[in-house]
Amino acid sequence: MDWINAIVQGTLLGGLYALFAAGLSLIFGVMRLVNIAHGDLIVLAAYLGLTVTAALSMNPFVALILVVPLMAGFGYVLQRGVLNWTLGDDILPPLLVTFGLSVIIQNALLEGYSADPQKLNAGAIEVASANIGGLAVGYLPLVMFLTAVLVVAVLQWIFYATALGRAFRAVSDNQDIAQLMGLNRRHVFGLAMALSLAVTAIAGIFLGVRTSFDPATGPARLIFGFEAVIIGGLGNLWGTLAGGVILGVAQSIGAQINPGWQILSGHIAFLIILAVRPRGLFPRMDG
Amino acid sequence: MSVVDTHRVFRVTTASRIASVLGLLLLLALAAAPWWMGRADLRLLGEIYLYLSLAMLWNLLAGYAGLVSVGQQAYVGLGGYVLFALTIFGGLHPFTAIGLSVVIGAIVAIPVAALIFRLRGAYFAIGTWVIAEVFRLGFAQVSALGGGSGISLPVDVVRSLADGRDAREATSYWLTLGCAAAVMAIAYLFLRSRNGLALTAIRDNELAASSLGIDIWRSKFVVYVVVGGLTTFVGSLIFLQKLRISPDAAFSVNDWTAYVIFIVVIGGIGSLEGPIIGTVAFFLLRETLADLGSIYLIVLGAIAIAVMLVAPKGLWGLVQDLTGLRLFPLGYRVEPKQSRKE
Amino acid sequence: MPEPVLDIRKLDAHYRDFQALYGVNITVEAGEVVAIIGANGAGKTTLMRSISGLIRNRAEQITYRGQQIGALRADQIAGLGIALVPEGRQLFQSLSVEENLIIGGRTGRKGAWSLQRVYDLFPVLQERRNVPSTSLSGGQQQMVAIGRALMANPDLVMFDEISLGLAPVIIRQIYESLPTIVGEGMSAMIVEQDITKALSVSSRVYCLQEGRVSLEGRTADVSREQISAAYFGT
């Protein structure tokens, strides 16, 4: 029963990892940008949630109404003000600039909120659970997982059924020709980053409600998100969800064997999949 | 009349000749530092040499081989733990352990490269980070090495380095100076070797290089393994200076990769002079802004971003564009033998 | 006399690191089909890229309907009504046939061309509207590329090497459709290495040689000898 429980809890945790990963996957798909600061942006969203909930004394999930647009706006400005200037054939500039951004965000958070761990308080939902077939399934993990499924479904719909998604795919295929269609790629990239950080906002709030966080929490979130993307296969959003679940299950099985092995076993599962299936389990795009 | 008759091809310039003479003099003066410098200054210089070495090595990877790693802390930490494990459990003299760390680092780098070379570009970068995390979490599980809280280098191991504290400080200093000089010499000779030329060709045009029959994968693999071995070596010296190791300190992405990247980017990526300039700039900034704490890191990150956007070739690139100066005789230059009369 | 649709004055354009065009002057009148011919490397593609804004120049070097557009971005120029059928088709691979056409019309310019009208012109595309554009034959892909440009209802459409790599029967079919396309007041610029094809549909011709205009005139007035002299620089 312990093992089944570990697999169920791991699957639900995988939803959170998919939320970490979805924004990363999205911007890689549109502009081949790997955002090293992605994890720190998730933590930034969590802190933003902290400030909003404290200032307006509201539930963190209600605070999403403010945090999502704020992060999206920040994403658009960040893309047009900084990141657009780094895009080109050379992979170094975007990598190093987002790396610098990561250090800046971490230390700015340290300055603003100190190194003390913080947590978002969502009330009763945090401890409530349902008994399903003898397993205690927490409402929070369940909501987290269903949110991840919903987010992936919405992103999938935007990508394949809307004019915005068509613009994303066109710019991703061929930037020059997309410009000839009247698409301003700088604007399209800005919108992609805005969407990515909107998802990041949701991920940040769930992170903050689930566990405590501090300014140095970001990099590990980036790595979990990255592992989910690679396990699932580049450019495949449903694959990313599957990747998150595999990572979550690997971690909770590891933790079941030895509490110290939780994170390590996730990394090892990732490396094994990388060795056996270098393009991930459900690849759709070349790296 | 062919071009060969009218032009001469050369590598060594007056500037590079002067630089090599000055460099040797500087090396001699620095080697004598234990006789004319205080203990604190010696320690600072030692730290500078070690950062210079890390910067040189990262520059070889990212600036020449196009392998942008953000996981070199894997090898720094490995070097530290190799030193501690071999001296404490193997009973080896620290010198032997430090020497062996090169070999061990290179051997570890081989399977790591085989695995993460499957990832491209930026994903390669994060892949290297995952490896470093695996090392960190792995060493935290080894209770003999202090587990998650760490371990100190035993007094008798430290004593075996030299008699008396001053002599030990001096020995430790010379090791770091020798390390920086050796890494610079190796980087220079490597870039002049067949592999190094292949690397430069790949960097300048991967497609053309492969059509010339250069095995890109193999060239990059060799660089990765050599740099892995040498970074492990630097790591063993870093923790010989610190005398204490813990997984978080050993595999710190900020200390061993972020700073190093900033040094190389600010100084000038893809040149041998860049890391030197960058190291000097980094320590000048650190010594002046150290009181600011985390603000200092924000400033550093902002400077690195600004440099990357405005002057991607760094401070050295700016100097070079203005003066055409070159201190390391790498690559050839062509100039007319005499001014042509029209 | 009405002002020309396109007026290029003393255009010096650079492609990558080298200069590809030197003081080029070209005009296109309303409703006119102009052929641009020249050998490989003569600067034809650089000319197309300059007009469409993929290469940016000085504002006054290119005037379109009285507006200086030389320094505008490609997406701004597209919105003004200049469309390009690029060399090698360059369809969006992750878009279906119909999506490729729809995205061509996203500038929202009003005019005669609609999805249905493109399907009427190339019925085969309607049958295959939902397949990925990559699964089409070369000729069908060229039809999509042309349809995509027409969907923008441009005032000036440029065709860059539309017969390259296609079977003769397909080329004939595409050229037969050109009069329908440009018959409604639309101006066109046709770039071809196949001189005969280009001349057969155009009223005027410019020949480029090493980045300079080496010949210009009415198609009816220029002789074979003049063209080959201008083309090869003999």
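The values are calculated or read from the model by the stated rules, or taken from the named source; none is laboratory data. In this text, all values refer to a predicted model and were calculated from it rather than measured experimentally. All Cβ positions, even for glycine, are placed from backbone atoms using ideal geometry, and neighbour counts span all protein chains on display. Heavy atoms of the whole protein, side chains included, go into the accessibility calculation; ligands, DNA and RNA do not. Shrake-Rupley method; radii C 1.70, N 1.55, O 1.52, S 1.80 Å.
Please tell me if A:Ala21 is assigned to a helix (DSSP H, G or I) and without any contact (Cβ under 8 Å) to a residue 12 or more places away in the chain. No, not satisfied.
In summary, no helices (runs of 4 or more DSSP H) completely within the stretch B:137-229 bear 3 or more residues that are in contact with a Cys (Cβ under 7 Å, 6 or more places away or on another chain). Of the residues making up the stretch B:135-144, those that are within 7 Å of another protein chain (Cβ to nearest Cβ) and touching a residue at least 12 places away in the same chain (Cβ under 8 Å) number 1. For the stretch A:170-190, a residue qualifies if it is touching a Leu at 6+ places or on another chain (Cβ under 7 Å) and either touching a residue at least 60 places away in the same chain (Cβ under 8 Å) or more than 10 Å from chain C (Cβ to nearest Cβ) (or both), and exactly one does: A:Val171. Comparison of C:Glu216, C:Glu184, C:Glu176 shows that the only residue that is assigned to a loop (DSSP other than H, G, I, E, B) and open to solvent by 30 Å² or more (accessible area, probe 1.4 Å) is C:Glu184. Take A:Gly165 and decide whether it is open to solvent by less than 20 Å² (accessible area, probe 1.4 Å) and over 30 Å from A:Trp3 (Cα atoms). For A:Gly165, the condition - open to solvent by less than 20 Å² (accessible area, probe 1.4 Å) and over 30 Å from A:Trp3 (Cα atoms) - is met. Across the stretch B:99-120, the qualifying residues are those that are open to solvent by less than 30 Å² (accessible area, probe 1.4 Å) and part of a helix (DSSP H, G or I), and the one among them that is farthest from B:Leu237 (Cα to Cα) is B:Ile116.
With the requirement that a residue be within 17 Å of B:Tyr49 (Cβ to Cβ) and within 14 Å of chain A (Cβ to nearest Cβ), what does the stretch B:222-260 give you? Within the stretch B:222-260, B:Asp255, B:Trp256, B:Tyr259, B:Val260 meet the criteria. Being more than 14 Å from chain B (Cβ to nearest Cβ) and assigned to a helix (DSSP H, G or I) is the filter here; which residues of the stretch A:82-138 pass it? Correct list: A:Gly123, A:Ala124, A:Ile125, A:Glu126. If I filter the stretch B:53-89 down to residues being away from every other protein chain (no Cβ under 14 Å) and either of a type in the set (Ser, Thr, Tyr) or in contact with a Cys (Cβ under 9 Å, 6 or more places away or on another chain) (or both), which single residue comes out as surrounded by the fewest Cβ atoms within 10 Å (Cβ to Cβ)? The selected residue is B:Thr87.
The single condition from (1) assigned to a helix (DSSP H, G or I); (2) in contact with a Lys or Arg (Cβ under 9 Å, 6 or more places away or on another chain); (3) among the polar types (S, T, N, Q) that B:Ser271 fails is (1).
Against the conditions (1) free of Cβ contacts under 8 Å to residues at least 12 places away in the same chain; (2) more than 12 Å from chain A (Cβ to nearest Cβ); (3) open to solvent by less than 20 Å² (accessible area, probe 1.4 Å), B:Leu92 satisfies every one except (3). Of all residue pairs spaced 6 or more apart or on separate chains, those with beta-carbon atoms under 6 Å, a first member in the stretch B:278-292 that is over 19 Å from B:Leu52 (Cβ atoms) and a second member that is buried (at least 16 other Cβ atoms within 10 Å of the Cβ) are B:Leu289/B:Tyr296.
For A:Phe159, the conditions (1) open to solvent by 10 Å² or more (accessible area, probe 1.4 Å); (2) away from every other protein chain (no Cβ under 14 Å); (3) part of a helix (DSSP H, G or I) are fulfilled apart from (2).
For the stretch C:110-119, which positions are within 29 Å of C:Ile36 (Cβ to Cβ) and part of a helix (DSSP H, G or I)? Across the stretch C:110-119, the qualifying residues are C:Arg117, C:Val118. Residues of the stretch A:51-67 being in a helix (DSSP H, G or I) and open to solvent by 40 Å² or more (accessible area, probe 1.4 Å), which ones? Across the stretch A:51-67, the qualifying residues are A:Thr51, A:Ala54, A:Ala55, A:Leu56, A:Phe61, A:Val62, A:Ile65, A:Leu66.
Residues checked against (1) open to solvent by 40 Å² or more (accessible area, probe 1.4 Å); (2) among the hydroxyl-bearing types (Ser, Thr, Tyr); (3) away from chain A (no Cβ under 12 Å):
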position	(1), (2), (3)
C:Arg73	yes, no, no
C:Leu80	yes, no, no
C:Glu99	no, no, no
C:Gly104	no, no, no
C:Val118	no, no, yes
C:Arg129	yes, no, yes
C:Gly139	no, no, yes
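Filtering the stretch A:97-136 to residues that are of a type outside the set (Gly, Ala, Ser), open to solvent by less than 60 Å² (accessible area, probe 1.4 Å) and either under 18 Å from A:Asp214 (Cα atoms) or modelled with pLDDT of 90 or more (or both) leaves A:Val97, A:Thr98, A:Phe99, A:Leu101, A:Val103, A:Ile104, A:Ile105, A:Gln106, A:Asn107, A:Leu109, A:Gln118, A:Leu120.
Return yes when A:Ser252 is of a type in the set (S, T, N, Q), open to solvent by less than 40 Å² (accessible area, probe 1.4 Å), within 14 Å of chain C (Cβ to nearest Cβ) and in contact (Cβ under 8 Å) with a residue 40 or more places away in the chain and no when it is not. So A:Ser252 fails the test.
Scan the stretch B:177-187 and give yes if some residue there is in contact with a helix residue (DSSP H, G or I) (Cβ under 7 Å, 6 or more places away or on another chain) and within 19 Å of B:His93 (Cα to Cα), otherwise no. Yes: one or more hits. The sole residue among C:Ala167, C:Ala152, C:Ala198 that is within 13 Å of the chain's Cα centre (by Cα) and of a type outside the set (Val, Ile, Thr) is C:Ala198. Being among the aromatic types (Phe, Trp, Tyr), modelled with pLDDT of 95 or more and over 18 Å from the mean Cα position of the chain (by Cα) holds for only one residue in A:Phe145, A:Phe168, A:Phe206, and it is A:Phe168. Does A:Gly235 qualify as being open to solvent by 10 Å² or more (accessible area, probe 1.4 Å) and either within 30 Å of C:Ala145 (Cα to Cα) or within 14 Å of chain C (Cβ to nearest Cβ) (or both)? Taking the combined requirement at face value, the residue satisfies it. Of the candidates B:Ile104, B:Ile151, the single residue that is touching a strand residue (DSSP E or B) at 6+ places or on another chain (Cβ under 8 Å) and away from every other protein chain (no Cβ under 12 Å) is B:Ile151.
For the stretch A:32-50, a residue qualifies if it is open to solvent by 10 Å² or more (accessible area, probe 1.4 Å) and part of a helix (DSSP H, G or I), and the qualifying residues are A:Leu44, A:Leu48, A:Leu50.
For the stretch C:1-42, the tally of residues that are open to solvent by less than 10 Å² (accessible area, probe 1.4 Å), under 14 Å from the mean Cα position of the chain (by Cα) and not hydrophobic (A, V, I, L, M, F, W, C) stands at 0. The condition of being buried (at least 21 other Cβ atoms within 10 Å of the Cβ), within 18 Å of B:Gly228 (Cα to Cα) and modelled with pLDDT of 95 or more does not hold for B:Phe124.
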